[in-house]
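Below is one structure; the comments refer to it alone.
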Amino acid sequence: MKPIFKILSLVFVLGICVSCDRDTGETDYLNNRTNTLFFAKTSGTILVEDGAENIYEIVVGATANTIENLPYTITVDDASTAVENVDFTILNSSTVVNKNNIVSTIRIQADFENASVDGKKLILNLTSTDANVSAKNSFSLELIKLCPIDAPFVGEYQLTTTVLGIFDTPTFTDGIVTIEVGDTPTDRVFNVTPYPAFGAFPEISFTFSLICNNVVVPGFQFTGVGCGSSTSLGPVVERGTYNPADDSQFNIKFADDEGGASCGEEVAAEILLTKL
């Protein structure tokens, strides 16, 4: 009987040890869990209208359902060109992901009077002082002034070069293009073949924006053609103009070989678009 008793005693002791080790492991895991907070998106755009509420909501998410409130801090990055309480206001009285939840919302209200047709950038950083919370990434919000556009500015247009681009040649092939609405209500886009004097090249997509009577051309629109590297098309100081109530004709002024990065010299080119 003694050997059997010893074996049973040993099994009982081992069972207790294994059980204790397992419980300790589970307790450590629960106590040391780290929840991560993050911006659901990394960028966005708000078109700031006269008389509108102009509120943009930014979602902060958590990687796990919270068992307690998770406070976090939003700070304005020094690289921002938008100024708090001038160009925008943060409406939240507190910033926290409430318990039993995985999302929280930051509400930004933009100011129309101080908005710019060129856009101003707000960069927010996300941090937390909670030892069990890891906060990461930044969010960039572009604030762009918006004025009503009464005419559609879409459909078929005759493109005519009025000011030549690099090497005294047309940047675009003159002819009929079809203008469509782009990513935002103010954006317009059309396809066109670049640099007809240099050869036959694939079409590119050219984008511009109609903002408060200014035809704004965003930068870094690459043509796929250049002097060892692709030229890009971008903005110039003196912009083209349009009549928001009449889309029959308007002009676009833009930089050909933006910054002279490919062929050595930036040239201010211009085209005229006439509706057919």
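Just so you know, all these numbers are worked out from the coordinates, no wet-lab data involved. Since the structure is predicted, the reported quantities are computational estimates derived from the model, not experimental observations. Every residue, glycine among them, receives a Cβ derived from its backbone with ideal geometry; neighbour counts consider all protein chains shown.
Observations, loosely collected:
- Convex hull per residue volume in Å³, alpha carbons only, for segment 155-275: 93 Å³
- Cβ-placed point charges (K, R +1; D, E -1), dipole of the chain about Cα centre in debye, nearest 20: 1680 debye
- Taking other residues whose beta carbon is less than 15 angstrom from the beta carbon of Lys275, and scoring Lys, Arg as +1 and Asp, Glu as -1, yields -4.
- Segment 94-179: trypsin sites (Lys or Arg not before Pro) in DSSP coil with no more than 16 other Cβ atoms inside 10 Å: Lys99
- Taking every DSSP beta bridge that has both ends in the chain, the antiparallel portion is near 85%.
- Rounded to 10°, Cα long-axis angle of helix 2-31 versus longest principal axis of the chain: 30 degrees
- For the chain, the number of Lys pairs with C-alpha atoms closer than 16 Å, counting only pairs eight or more positions apart or on separate chains, is 4.
- GluC sites (Glu not before Pro) lying in DSSP loop within segment 35-85, provided at most 16 other Cβ fall within 10 Å: Glu53, Glu68
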